[in-house]
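To start, the structure itself, in structure tokens.
No value in this document is a laboratory result; all are computed from the given coordinates. A quick note: this is a predicted structure, and the numbers were derived from the prediction, not measured.
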Amino acid sequence: MSEPAASGRVICIVGPTASGKSALSELVAEGLGSSVVSVDAMQVYRGMDVGTAKTPPAERHVPLLMVDVANVDEDYSVQRFQNDARSCVDELLRRDHIPVLCGGTGLYLDAVIDEMDFPSGEMGDDRRMAYERIAAEQGPEVLHDLLAKRDPRSAALIHPNNVRRCVRALEMLDDGVSYAQNHEGLKRHVPHYAARIWAISMPRELLYERIDWRVDRMFEDGLVEEVRRLRERGLDRAHTAGQAIGYKEVLAALAGECTLDEARDEVKRRTRHYAKRQLSWLKRDGRARWIDVGDMGTGQACELIISDALEQAEPFGIIREGTR
């Protein structure tokens, strides 16, 4: 385990999908003269723009890091993400900038800001190949459901798209060991960085309305055409990228397994379910300070976060001249 980087403070802006994290994070980073580091499991893939709500380059007011770093036909592991994202954060801290982490993938955020090691395991064993075949042929969610039935506590620690960790947890169960019990230390959140976590909240009904509107907008903005292009570049449901919400359903429609209208409805349903999981993760984590953007507004929320960051930054030696 590496030594915690206690000399650096980072801001984390999290919340359920469609809650406005990206806009708020960009405002905060702009006010601090810094950059946004995405902690989204799917924005890492090149070409997955519409379906991941990636801010277009022409509309970015600050640098957006940890997007477009992998091809859709490769599986970008959380361990690889941890290494690359920490390099971005460390470089910003080295330049006396306060990094702003933004995203809704809890595992990826924890992998960056907390001390967390990932088992590697050996490839090629029969059990591993059998579990990987389930993920490839039936999808990562089926493998995760299998783990949830056998060991709910371990499944709660692992993102449904993280095939490697699901496989490892199932292998450990076969050997009579619970992944969750073996990783109790994760609950203590041993910090790698001094992090302040801000979580966006809003009424559930409003959130679901925003989700439905966003999905409709994605289809209007060319999600189907984007998936067609990516399919030509190797995207399929056997890869992690092909299991992303929006992409998986459109791929099924393009394969003739459902209509595009049915795919759209399924994207809305799965996105709402995903938002509930994100909220559950935040409540279980317990470290976040909640901001109701409906009551406060994005501008006021931005000022609150920046004010808090500058108050906290002085002991860490990272106040930048000219920041407001």
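Here are the numbers for the structure shown:
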quantity: Lysines whose Cα lies under 16 Å from that of Lys248, excluding same-chain neighbours fewer than 8 positions away; calculated: Lys268
quantity: Whole-angstrom Cα spans of the chain along principal axes, big to small; calculated: 56, 47, 35
quantity: Set of lysines near Lys149 by C-alpha distance (under 22 Å), chain-local residues within fewer than 8 positions excluded; calculated: Lys187, Lys276
quantity: For the chain, share of DSSP beta bridges that run antiparallel, in % to the nearest 5; calculated: 5 percent
quantity: From phi via Karplus (6.51, -1.76, 1.60), per-residue ³J(HN,Hα) for region 261-274 in Hz, x at Gly/Pro; calculated: 5, 5, 4, 4, 4, 5, 4, 4, 4, 5, 5, 4, 5, 5
quantity: Highest-fluctuation residue, Ala18, Ala199, Ala156 considered, GNM on the chain with Cα pairs under 10 Å; calculated: Ala156
quantity: Global size of region 204-287 as Cα Rg and Dmax, reported in angstrom; calculated: 14.2, 45
quantity: Hydrodynamic radius (Kirkwood) for region 126-186, which is based on Cα pairs only, to one decimal in Å; calculated: 11.2 Å
quantity: Candidates Val78, Val177, Val224, ranked by Gaussian network fluctuation over the chain, Cα under 10 Å, top entry; calculated: Val177
quantity: The chain, relative contact order in percent, only Cα pairs under 8 angstrom and at least six apart counted; calculated: 29 percent
quantity: Highest-fluctuation residue, Leu65, Leu32, Leu254 considered, GNM on the chain with Cα pairs under 10 Å; calculated: Leu254
